There are 2 protein chains.
Amino acid sequence: MKPTLQDVANAVGVSRSTVSNAYSRPDQLSTALRAKILDTAQRLGYPGPNPTARSLRRGFVGAIGVLFTSQLSYAFTDPFAVRFLAGVSEAVEQHGTSLLLVPLPAEHSRVRAAVENAAVDGFCVYCVGDEDWVLSAIRDRGLPYVTTASRADAGPTDRYVGIDERAAARSVAEHVAALGHRRVALLGDAVLPDAPPGPLRLADPSEAPHPTTRGRLTGFADAFAATGVPWPAITVLNASSNSRAAGAAAVATVLAGDHPPTAVLACSDVLALGVLDALAEIGSRLAHPVSVTGFDDIAEAATAGLTTVCQPAEEKGRLAAALLLAPPADPAAGHVLLPTEPVIRTSTRPVTRS
Amino acid sequence: MKPTLQDVANAVGVSRSTVSNAYSRPDQLSTALRAKILDTAQRLGYPGPNPTARSLRRGFVGAIGVLFTSQLSYAFTDPFAVRFLAGVSEAVEQHGTSLLLVPLPAEHSRVRAAVENAAVDGFCVYCVGDEDWVLSAIRDRGLPYVTTASRADAGPTDRYVGIDERAAARSVAEHVAALGHRRVALLGDAVLPDAPPGPLRLADPSEAPHPTTRGRLTGFADAFAATGVPWPAITVLNASSNSRAAGAAAVATVLAGDHPPTAVLACSDVLALGVLDALAEIGSRLAHPVSVTGFDDIAEAATAGLTTVCQPAEEKGRLAAALLLAPPADPAAGHVLLPTEPVIRTSTRPVTRS
DNA sequence: ATACAGTTCTGAATCGATCCAGAAGGGGTG
DNA sequence: CACCCCTTCTGGATCGATTCAGAACTGTAT
């Protein structure tokens, strides 16, 4: 077995405390003794104070956890999530702590265990929608946490960094509406849980359970309502997941139908790119061009010429981590809404009369 | 303060052990008592067994660490690294452990501390070149580790999952050579430490300190040597970092020079894309088209039409994690070389006589 | 020589659990 | 009733460090 503090202490002929001090409080002993201790520690192959034991005694770990609603491995395939993580890691790095990525099992019951078993000082919760049990598990654990979306039930001590989803969505939608589009479709992932891909009946955007999706759909609806397009006249499309393929699949039947929309507004760039894929697939078989918008402004959006709304992904992560690592004195500062901006590119054009 | 095991035990009127068993060994007590315990635990607001204390006693943590040579925040901007991480996370997720991303400070001395302080059961070392002190820090800690490149000094018990860098590089280079290219440049990042961006004198590819870069440069050289292009006739370009911008910057002066190469072979797709950027920048001011190749086959390579060599990034991560989580009985199985394949796209064309 | 302040080091308590040998209790068998 | 087994529960040792009050020593001023 690897030697412990005690072994080193014995070898040098001092007390455990002194060896401990040699590592974590150099000012508490003479430099000569310290050198001697470090030396024999090296000689014995002592690996340094055991991090776990140290954490236990000190009462903190030196790591924060990032919780993903979806699979961890999925998170890495989502460009926006990756950028968010980059921001988190930047803040964390600067603070000298580490990042624990906690995979949340699919089963409800085991989620709790995952949260309970994570050795961290706090949690950064990426995009938790109605998965309240995750938050309640965290709260029960008594650890601080930051979410990436404002929550209706957010108390004054809750911290989050998000955007005004509704206003942001409205901004692109207004652009689309201004271009004359009236027959439009909105595309989101998991608009309703367990709904099949494709068109969906939704009495009202407020019925979407996931707050982010709900906010964006509502924002889209706002803009069109203002130009005289009532909610029932708008097609809502459901994607089975937030991926390019799912986006393409969700829009396929509608594009192949009799009256395809002249514009598709997606709740994410990834989905929007899927729509572009689908359009490229069917080529010019359509009577009119279809405008497409996304959301997030990931790198691929620029190269694809996708009109979208830009939100500061890295900044979101950076701030979330910062809020967690150094809680602001003023609790009001714990609620951050980041600015967003519509980015007009070539994927949106004025509607052409068919 | 949050209650502890003891508090719950007191409240129920049983021993600490029994409460512990209620959580981690349900078969050791009657279901009735267990229910009662869990119930009052809930009532008291007991957050469940403290992960740190549990780890200390049990002797393992339930997390593996991923070490990046570069900044953590950089890792997330590198598509290949992200895909690698996706693979790691997949394996880790399946195994029910978590992933600790450990930022390595820039200073030598603090790297050791970072490794020593990480509460993990093992390390996955992403792309460590000659940064041997990282490995020695891990070894001193006595933890198992897996590297992502074969190492000259790899003992039989060392585990790694890599590719045959040299052969892989040779395969694309042979394609380029077969197209008739003789005036070529090789582009790598940090070919020599602290070298400025741009052309570089390198007596021999074996002089590159970083094993990955060395392997690839050597493979490139192999192919050209076979067609009669000696090493000194090949231009070596140094990029200041592995990024698109750095790639563009590194190649700029050479492209602007009198005898620009007809082909540039980069050590990574990211660098190659930078070269394409640089070429797009100067437009048709060049007398002849320039072929470009990359390495890794990241997603952008496909859309950019970049000829490259494909290596299974996710698989690399998955295997590395698997090797760490479940050491193979046969130590020989701990050395994995994954297959690679040249992918010919439109960025390479036959040389045109000028 | 005495007092006092600093510096250097020690010892015991502590963090919050897990583990294991064994005690207590219940039930069945000969 | 004695014996044994089985299930259920307990107590104390243990994981490997940190912490803090105080002991021992050193040196200086009185």
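Bear in mind that the values in this text are calculations on the coordinates, not laboratory data. What you see is a predicted model, and the numbers here were worked out from it, not measured in a lab. Every residue, glycine as well, gets a Cβ built from its backbone with ideal geometry; the counts of neighbours run over all protein chains shown.
Side notes on the structure shown:
- Evaluated at q = 0.08, 0.15 Å⁻¹: base-10 log I(q)/I(0), Debye formula over Cα of chain A: -0.49, -1.20
- For the residues of B:90-103, the average number of beta carbons from a partner chain within 10 Å of their own beta carbon is 6.
- The phi torsions of segment A:294-311, fed into the Karplus equation with coefficients 6.51, -1.76 and 1.60 and a -60° offset, translate into couplings of x, 7, 2, 6, 7, 4, 5, 4, 4, 5, 8, x, 7, 6, 7, 10, 8, 10 Hz, rounded to whole numbers, with Gly and Pro shown as x.
- For segment B:1-105, the convex hull drawn through the C-alpha positions has a volume of 145 cubic angstrom per residue.
- Selection from A:T340, B:A322, B:T235 lying farthest towards where the dipole of the protein assembly as shown points positive, charges on Cβ: B:A322
- Since only B:P312, A:T69, A:P26 are under comparison, the one whose Cα sits farthest along the positive direction of the charge dipole of the protein assembly as shown, derived from C-beta charges on Lys, Arg, Asp and Glu, is A:P26.
- Bridgeable lysines around B:K36 (alpha carbons under 27 Å apart, same-chain partners fewer than 8 residues away excluded): B:K2.
- Computed over segment B:216-354, the quotient of the alpha carbon radius of gyration and 2.2 N^0.38 Å is 1.23.
- Put a plus charge on the Cβ of each Lys and Arg, a minus charge on the Cβ of each Asp and Glu, and nothing anywhere else: the dipole of segment B:1-139 about its Cα centre is then about 820 debye.
- Theoretical FRET efficiency, 1/(1+(r/R0)^6), r = Cβ-Cβ of B:R16 and B:A299, R0 51 Å, to 0.05: 0.45
- Computed E for B:E281/A:D277 - FRET, C-beta separation, R0 35 angstrom, nearest 0.05: 0.75
- Here the scattering of the protein assembly as shown is modelled by Debye summation over its C-alpha atoms, one equal scatterer each and no solvent; at q = 0.06, 0.08 Å⁻¹ the log10 of I(q)/I(0) is -0.42, -0.74.
- Within the listed set A:P49, A:P79, A:P331, the Gaussian network model of chain A (springs between alpha-carbon atoms below 10 Å) gives the highest mean-square fluctuation for A:P49.
- Two-site FRET efficiency, B:L337 against A:I344, from Cβ-Cβ distance with R₀ of 41 Å, rounded to 0.05: 0.25
- Overall form of segment B:5-58 per C-alpha gyration tensor (a/c, 1.5; a/b vs b/c): oblate
- In this Cβ point-charge picture (+1 for Lys and Arg, -1 for Asp and Glu), the protein assembly as shown has a dipole of about 1080 debye about its Cα centre.
- Modelled label reach - B:A226, point 7 Å along Cα→Cβ, segment B:165-199 residues with backbone N closer than 14 Å: B:166-180
- Using the Cα coordinates of segment B:99-225, the gyration tensor eigenvalues translate into equivalent-ellipsoid semi-axes of 33, 17, 11 Å, sorted from longest to shortest.
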